[in-house]
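A short worksheet on the structure shown next.
Just so it is clear, none of the values below were taken in a lab; they were calculated from the coordinates. Model, not experiment: these values are computed from the prediction. Cβ atoms come from the backbone with ideal geometry, glycine included; neighbour counts cover every protein chain shown.
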Amino acid sequence: MTNLLAMLRLPLRAFGRNEDGTVVAEAVIVLPLFLWAYIALFVYWDAFRSMNTVQKAAFTVSDIISREQTGISSAYITGLGTLTEYLIDENQNARMRVSSVTWSATNNRFEIHWSASPNNTMTPLTTATLQNYAYEIPTMSPGDFVIIVEMEVDYVPSFAIGMPNQTFKQFFVTRPRFLPCLPLDNVSCPVS
């Protein structure tokens, strides 16, 4: 029996020290993790790119409106909706709302002057619903007006890596540059 153990000891030691095939075994273990990490980086980068694009589109629309010198119309806002669709990915569904807001010292609250959405993709704001956003609007002097551009874009990841579907939201407050107040269609500015 001891001779048998002595004869088996050398081949078993050689087998234990043999490293042939470990690369294949390690690759089988690590390759799925590397593939998942590569795809995850792609998805996270795509989400960041989409969020950045939505932010730039909302800022662009806000800046365009702030530079108006005569007022705007409903057709103009519809055109801004078309511009927004051009600026972001065509496979994303963008919703936008543009509102003119003032601070009323008499009522001690923000009030809606007008609110519109291209193709009615978002419900226009009212003075009551505007109060939900009051914390996002900077302090204003009585009678001042600002333009609020809100944009929402749904994002669906290209691959299922555990990232949920999301809605990217942007909220920009911009003061008109050349006019104290921007009129919309038949909603004129109050006389000071």
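ARG49 satisfies every condition listed in (1) surrounded by fewer than 19 Cβ atoms within 10 Å (Cβ to Cβ); (2) in contact (Cβ under 8 Å) with a residue 12 or more places away in the chain; (3) assigned to a helix (DSSP H, G or I) except (2). Pairing each residue of region 156-173 that is closer than 24 Å to LEU35 by Cα with any residue that is of a type in the set (A, V, I, L, M, F, W, C) and in a loop (DSSP other than H, G, I, E, B), provided the two are 6+ apart or on different chains, yields C-beta distances under 7 Å for PRO157/MET163; ASN165/VAL156. Among the conditions (1) buried (at least 18 other Cβ atoms within 10 Å of the Cβ); (2) out of contact with any Lys or Arg (no Cβ under 8 Å at 6 or more places or on another chain); (3) farther than 16 Å from GLN92 by Cβ, the only one that PRO138 does not satisfy is (1).
Out of the residues in region 84-135 meeting the condition of being part of a strand (DSSP E or B) and more than 22 Å from ILE65 (Cα to Cα), tell me which one is farthest from the chain's Cα centre (by Cα).
Top of the filtered list is SER104.
Against the test of being surrounded by 15 or more Cβ atoms within 10 Å (Cβ to Cβ), farther than 17 Å from SER50 by Cα and polar (S, T, N, Q), the options SER100, SER73 yield a single qualifying residue, SER100.
Restricting attention to region 136-170, the residues that are under 26 Å from ALA47 (Cβ atoms) and either part of a helix (DSSP H, G or I) or among the aromatic types (Phe, Trp, Tyr) (or both) total 4.
Checked across region 79-89, the condition of being over 17 Å from GLN55 (Cα atoms) and surrounded by fewer than 20 Cβ atoms within 10 Å (Cβ to Cβ) holds for at least one residue. The single condition among (1) in a helix (DSSP H, G or I); (2) under 15 Å from VAL187 (Cβ atoms); (3) out of contact with any strand residue (DSSP E or B) (no Cβ under 7 Å at 6 or more places or on another chain) that GLU68 does not satisfy is (1). Among the residues of region 151-172, those that are within 18 Å of the chain's Cα centre (by Cα) and more than 14 Å from LYS56 (Cα to Cα) comprise ASP154, TYR155, VAL156, PRO157, SER158, MET163, PRO164, ASN165, GLN166, THR167. Can you name the residue in region 105-134 that is among the small types (Gly, Ala, Ser) and in contact with a helix residue (DSSP H, G or I) (Cβ under 9 Å, 6 or more places away or on another chain) and, of all such residues, is nearest to ILE147 (Cα to Cα)? If we take residues in region 105-134 being among the small types (Gly, Ala, Ser) and in contact with a helix residue (DSSP H, G or I) (Cβ under 9 Å, 6 or more places away or on another chain), then SER115 is nearest to ILE147 (Cα to Cα). For ALA40, the stated conditions do not hold, so it cannot be described as surrounded by 16 or more Cβ atoms within 10 Å (Cβ to Cβ), closer than 25 Å to PHE159 by Cβ and in contact (Cβ under 8 Å) with a residue 12 or more places away in the chain.
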